[in-house]
1. Take residue 292 and tell me if it is surrounded by fewer than 15 Cβ atoms within 10 Å (Cβ to Cβ) and closer than 19 Å to residue 40 by Cβ.
2. Just checking, which of 117, 88 is more than 24 Å from residue 181 (Cα to Cα) and free of Cβ contacts under 8 Å to residues at least 60 places away in the same chain?
3. Show me the strands (runs of 3 or more DSSP E) entirely contained within the range 201-299 in which 3 or more residues are touching a residue at least 40 places away in the same chain (Cβ under 8 Å).
4. Restricting attention to the range 212-231, which residues are over 19 Å from the mean Cα position of the chain (by Cα) and surrounded by 16 or more Cβ atoms within 10 Å (Cβ to Cβ)?
5. If you take the residues of the range 130-181 that are assigned to a loop (DSSP other than H, G, I, E, B) and free of Cβ contacts under 8 Å to residues at least 40 places away in the same chain, which of them is nearest to residue 100 (Cα to Cα)?
6. When the residues of the range 91-113 are narrowed to those that are touching a helix residue (DSSP H, G or I) at 6+ places or on another chain (Cβ under 7 Å) and touching a residue at least 60 places away in the same chain (Cβ under 8 Å), which ends up farthest from residue 145 (Cα to Cα)?
7. Filtering the range 41-70 down to residues that are under 30 Å from residue 149 (Cβ atoms) and touching a residue at least 24 places away in the same chain (Cβ under 8 Å), which residue is surrounded by the fewest Cβ atoms within 10 Å (Cβ to Cβ)?
8. Can you confirm whether residue 88 is in a loop (DSSP other than H, G, I, E, B) and within 20 Å of residue 175 (Cβ to Cβ)?
């Protein structure tokens, strides 16, 4: 007999499996994978995604990473992000309790004025200058906490800091794009909704410091992927052939691509939907065009 899992985490695993064309049966902890090759299209980018779940059955003799269990102190005198400590550039952190923001000591982009781009040695070897600002947001004074282990009140302070720095950088002259990252916003919302403890990305993913923090990069140019997605959203909004639905409309009553998609997902039967969790404010789901097995779209 097929069983629909009761916990949100089990539902997430099942929804991801169904999204990838995998038939899941809860029988003595055995997952049965069926062959179902799909070629869905990402409407935001126009890209086709090859989904071949039967590849998961192939034998694996490559490297297998073991779990790394670490115990961190509440305060580390050698940490560049702990309150009151001296950073690598000689500046000293304030004695903060919750969140704090400072300009990245080793930024990926530098403030204006931008240097003049060098002359192109060939038409295929062009470059253009870019400037902006890189900020670091420290989430909490405790060195041993992760975002998932923070109290809801502390997470709310982080969101308020995100809003403040987004507005501050986004209104600066020359800034066209503000990217908040390190811990994706959708992950934060899913963590709050599921109330689960998920470990931070850590050293394996290139995190230079285990202290809970994130970054904000402000650019003078819009990066390629967001630029393509924004153009797709604009084209959809101007399409007069979109049939009417119960989905929310965009500005001037225009169709909204993501609103239409989310409206479809929340309206179908639970066993056919890719929705992971939802409430009166947000919907977290595995998009039909997901590239990664545990990709989440939050709307």
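1. Yes: the conditions hold for residue 292.
2. On inspection, the qualifying residue turns out to be 117.
3. Details: elements: 213-219, 275-278, 283-285.
In the range 201-299, the matching strands (runs of 3 or more DSSP E) lie at 213-219, 275-278.
4. 220, 221
5. My answer is 151.
6. So in the range 91-113, the residues touching a helix residue (DSSP H, G or I) at 6+ places or on another chain (Cβ under 7 Å) come out as 98-99, 101.
Filter once more, so that each one left must be touching a residue at least 60 places away in the same chain (Cβ under 8 Å): 99, 101.
Values: 99: 13, 101: 18 Å.
Once the filter is applied, the top-ranked residue is 101.
7. Ranking the candidates gives 65 first.
8. no
Every read-out reported here was derived from the displayed coordinates using simple, explicitly stated rules and does not represent laboratory data. Nothing here was measured: the structure is a model prediction, and the numbers come from that model. With ideal geometry, Cβ positions are generated from the backbone for all residues, glycine too; neighbour counts draw on all protein chains shown.
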